[in-house]
Amino acid sequence: MIASLASEPQVQIVTSRYAETYAAWQRDPEAYWAQAAEDIHWFKRWDRVLDSSRAPFYRWFPGGSVNTCYNALDRHVEAGRGAQAALIYDSPITRVIRSFTYAELLNQVKLFAGALKAQGVTKGDRVIIYMPAVPEAVIAMLACARIGAIHSVVFGGFAPRELAIRLDDCTPKLIVSASCGIEPTRTIPYKPLLDEAIEIAAHKPQGVIVLQRPQVKATLLPGRDHDWDELMARARPAECVPVAATDPLYILYTSGSTGKPKGVVRDNAGHMVGLKWSMHGVYDMKPGDVFWAASDVGWVVGHSYIVYAPLLHGCTTILFEGKPVGTPDAGVFWRVIEQHKVAALFTAPTSFRAIRREDPNGEFIRKYDLSNFRTLFLAGERADPDTVRWAEEQVKKPVIDHWWQTETAWAIAANCMGLGMLPVKHGSPTKAVPGYDVRVFDPAGQEVERGESGAIVVKLPLPPAAMLTLWNNDTGYISSYMQEYPGWYKTGDAGMQDADGYLYIMSRTDDVFNVAGHRLSTGSIEEVLAGHPAVAECAAIGVRDEMKGQVPIGFVVLKAGVDRSEAEVRNELVQRVRDQIGAVASFKTALVVKQLPKTRSGKILRGTMRRIADGEPWPMPATIEDPSVLDAITQSLAAEGYGKR
Ligand code: COA
Ligand code: AMP
């Protein structure tokens with residue numbers, strides 16, 4: 001297929017193999033994935049490519065036996081890649097840069113796997129990793145994979161209550177943590193947060209391993225807590241444990257409609273097959289290239305594209321502990337790209353909005369040599385055309401929006417650079433990636449005409465690497481994703497597909513919002529607000545924010561007889577969300593209102609409130625109980641500067 005882009009001078013005319021590759025997958029998906037599976041190392045090959053006998057609980061490559069750590073490390077060392085950098089830790093926040101070759105990383109992982117074994121961790125046990133972006137987090141993940149333990153990484157910015165919820169759900173034998181995280185304005189001791197979480201949780205882990213960082217020394221509880229360095233000093237290296245292709249590799253919690261996070265379960269073999277394909281198909285990376293996902297290991301982007309995919313592909317991965325601005329300046333991304341010869345950067349559009357605000361004319365960009373840099377990939381939230389255009393003009397390389405979710409582990413829609421670039425349409429993450437049959441449905445489950453909006457769904461089975469189920473919650477897996485449109489996976493996103501098959505992902509269909517590329521649920525904020533003693537009722541919504549994409553705001557109705565100043569209650573509510581969910585929620589606004597707008601059946605009209613706050617046109621809901629409540633809400637929002645855009 002010939003792709004041209006008259007209006008985009010930086011894009012050359014290329015021949016794309018996208019259409020033929022997509023058609024090859026459609027013709028025979030199992031043959032297509034069997035072929036891709038040749039790219040990973042099997043201790044024992046699969047009996048069948050796909051087991052659909054318990055659909056929608058699909059299993060990829062049953063009968064096969066693999067080890068993800070073997071594929072990420074040992075295999076490359078055995079093939080002569082031992083002296084190549086596997087991981088470069090670049091931490092402008094601590095002014096440390098440390099590089100690990102494949103051989104060195106393997107050695108560390110073997111030792112930590114031995115340390116885990118010595119603590120009694122065996123195949124199938126869960127291990128929570130609650131750490132900042134330090135190499136030991138990656139080492140801990142790979143060490144779990146090595147011995148067949150199931151890791152669950154919890155983002156370091158989450159507060160104790162969130163950690164406790166995850167502890168009770170996945171009941172880990174052990175927690176691996178660090179003494180502190182470091183943010184530009186403060187150092188955050190993790191150990192008190194961890195101790196509080198263990199105190200709150202019903203499940204008590206058998207042990208805790210703490211990496212003592214030089215900035216903060218954590219107090220260890222004798223008998224339960226262990227020092228990382230001490231365990232490593234006496235650890236015996238552990239070899240890889242073969243696991244079933246279908247055994248879980250990890251659980252990663254993500255936000256759903258309710259306050260309770262969903263534990264997405266990932267397998268071993270399918271995960272490797274999907275991610276390995278994406279490294280060349282989507283990102284056009286070759287073994288030896290340097291790949292940088294500027295995210296945190298606590299999010300799916302970190303799992304897939306800091307840790308597993310680059311290492312499975314024999315690339316060098318960058319682990320960055322810093323921010324796009326302020327550590328020390330808006331030139332840090334370009335400094336890292338130049339210094340480590342990064343070929344592709346993957347980040348969230350919000351990073352670019354932050355950089356643009358500080359460096360609108362790209363003066364920092366021009367200070368650095370970007371000659372090794374080929375492509376900028378954006379995901380995690382909608383890439384607004386204005387930001388994409390600015391990035392294209394400044395960076396003068398292709399800027400590729402792509403769309404995916406924690407549930408899928410890799411791109412559902414992308415401009416697959418390894419297949420030859422298609423024309424870019426700003427505002428669209430391009431087309432469905434081979435493996436995904438994406439459609440747009442109306443509420444009755446009928447496909448809409450091209451150009452019309454609706455719920456975005458994907459035909460089952462999802463490709464390798466997509467979730468197996470939700471941890472301890474097969475019923476939730478069905479009810480959250482599979483029930484509404486039988487035979488189709490409900491993505492929770494709404495949007496449309498144009499006449500050329502380009503997708504446009506516009507909003508969520510559920511109560512999830514996206515702050516700075518992080519997915520959080522309004523339900524969890526509402527739970528925290530509702531727990532305040534003065535609050536009778538509450539609602540939370542995600543509203544548009546110029547830099548972070550969205551931020552949450554809360555509305556509360558006070559209990560009758562509460563005689564407190566509004567300002568005081570508002571401050572307490574903001575602090576409460578910070579303490580119980582984490583600063584990362586960016587919850588800064590709580591409004592006290594007399595009533596919440598509801599339908600006659602009592603459903604809170606969150607969608608209407610969001611439209612009012614975002615200054616969008618909104619029809620008066622036919623089922624509203626009392627229209628005057630919306631006038632009061634409009635006034636409260638206007639007083640805070642919302643609704644005027
Ligand atoms: N541990 C503890 N606290 C954390 C944290 C962590 N790991 N990560 C963030 N926080 C805190 C921050 O200190 C901040 O606290 P504050 O309210 O006291 O300032 C709050 O959570 C919000 O953090 P953040 O979202 O990083 O906002 P910011 O205003 O400090 O920075 C950006 C704004 C745009 C620079 C930042 O959001 C960013 O780098 N975004 C990119 C996100 C990204 O890469 N996402 C990847 C998904 S693909
Ligand atoms: P997460 O599971 O945290 O990765 O969040 C996934 C959600 O982020 C998706 O369901 C979308 O709502 C949003 N998202 C991710 N990438 C994009 C994108 N490229 N365009 C629009 N929305 C996106």
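The values are calculated or read from the model by the stated rules, or taken from the named source; none is laboratory data. The structure displayed is predicted, hence computed values, not measured ones. Neighbour counts run over all protein chains shown; Cβ positions are idealised from the backbone, glycine included. Heavy atoms of the whole protein, side chains included, go into the accessibility calculation; ligands, DNA and RNA do not. Shrake-Rupley method; radii C 1.70, N 1.55, O 1.52, S 1.80 Å.
Summary of values
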{"item": "Two-decimal Rg/Rh across segment 356-504, once Rg and the Kirkwood Rh are taken from alpha-carbon atoms", "result": "1.04"}
{"item": "Sorted peptide list for 502-515, 294-307, 622-635, 93-106, criterion being average Cβ within 10 angstrom, highest first", "result": "294-307, 502-515, 93-106, 622-635"}
{"item": "Under the Debye formula (equal points on every Cα, no solvent term), log10 I(q)/I(0) of segment 240-296 at q = 0.27 Å⁻¹", "result": "-1.04"}
{"item": "Heavy atoms of GLU526 accessible to a 1.4 Å probe, total area in Å² rounded to 10", "result": "30 Å²"}
{"item": "Other-chain or far-sequence residues with amide H under 5 Å of THR589's (modelled H)", "result": "GLY554"}
{"item": "Ratio of Rg to Rh over the chain (Cα coordinates, Kirkwood Rh, two decimals)", "result": "0.95"}
{"item": "Positive-end extreme of charge dipole, segment 516-639 - chosen from VAL593, PHE555, GLY542 (charges on Cβ)", "result": "GLY542"}
{"item": "Residue-count net charge about PRO242 - beta-carbon cut-off 13 Å; Lys, Arg +1, Asp, Glu -1", "result": "+1"}
{"item": "Span from the segment 19-94 Cα centroid across to the segment 465-515 one, whole angstrom", "result": "24 Å"}
{"item": "Whole-Å semi-axes of segment 165-241's equivalent ellipsoid (Cα gyration tensor)", "result": "21, 19, 12"}
{"item": "Full-extension gain in nm, ALA79 to SER52, via 0.36 nm per residue minus C-alpha separation", "result": "6.2 nm"}
{"item": "Gain upon complete extension [SER99, GLU568; 0.36 nm per residue less C-alpha separation]", "result": "163.9 nm"}
{"item": "Carbon/sulfur fraction of accessible area - the chain, other protein chains in place, 1.4 Å, %", "result": "50 percent"}
{"item": "Listed peptides 332-345, 432-445 by packing density, highest first (mean Cβ within 10 Å)", "result": "332-345, 432-445"}
{"item": "Cα radius of gyration and Dmax for segment 25-115 (Å)", "result": "18.1, 53"}
{"item": "Mean accessible surface per residue for segment 516-639, computed with a 1.4 Å probe while every protein chain stays in place, in Å²", "result": "45 Å²"}
{"item": "Surface accessible to a 1.4 Å probe, LYS367 within the full protein complex, Å²", "result": "140 Å²"}
{"item": "Diffusion coefficient, µm² s⁻¹, Stokes-Einstein with Kirkwood Rh over alpha-carbon pairs of segment 516-639 at 20 °C and 1.002 mPa s", "result": "144 µm²/s"}
{"item": "Hull volume in cubic angstrom per residue (convex hull over the Cα atoms of segment 282-325)", "result": "73 Å³"}
{"item": "Partner lysines for LYS173 [C-alpha distance under 17 Å; skip if fewer than 8 residues away on the same chain]", "result": "LYS117, LYS123, LYS204"}
{"item": "Volume per residue that the Cα convex hull of segment 383-445 spans, once the total is divided by residue count, Å³", "result": "120 Å³"}
{"item": "Antiparallel content of DSSP bridges confined to the chain, in %, to 5", "result": "60 percent"}
{"item": "Most positive-pole-ward Cα, HIS203, VAL241, SER257, against dipole of segment 187-267 from beta carbon charges", "result": "SER257"}
{"item": "In segment 516-639, lysine pairs with alpha-carbon atoms under 20 angstrom apart (chain gap of 8 or more, or interchain)", "result": "5"}
{"item": "For segment 183-291, convex hull of alpha carbons as volume per residue, Å³", "result": "247 Å³"}
{"item": "Most to least packed among 157-167, 489-499, 220-230 [average Cβ atoms within 10 Å]", "result": "157-167, 489-499, 220-230"}
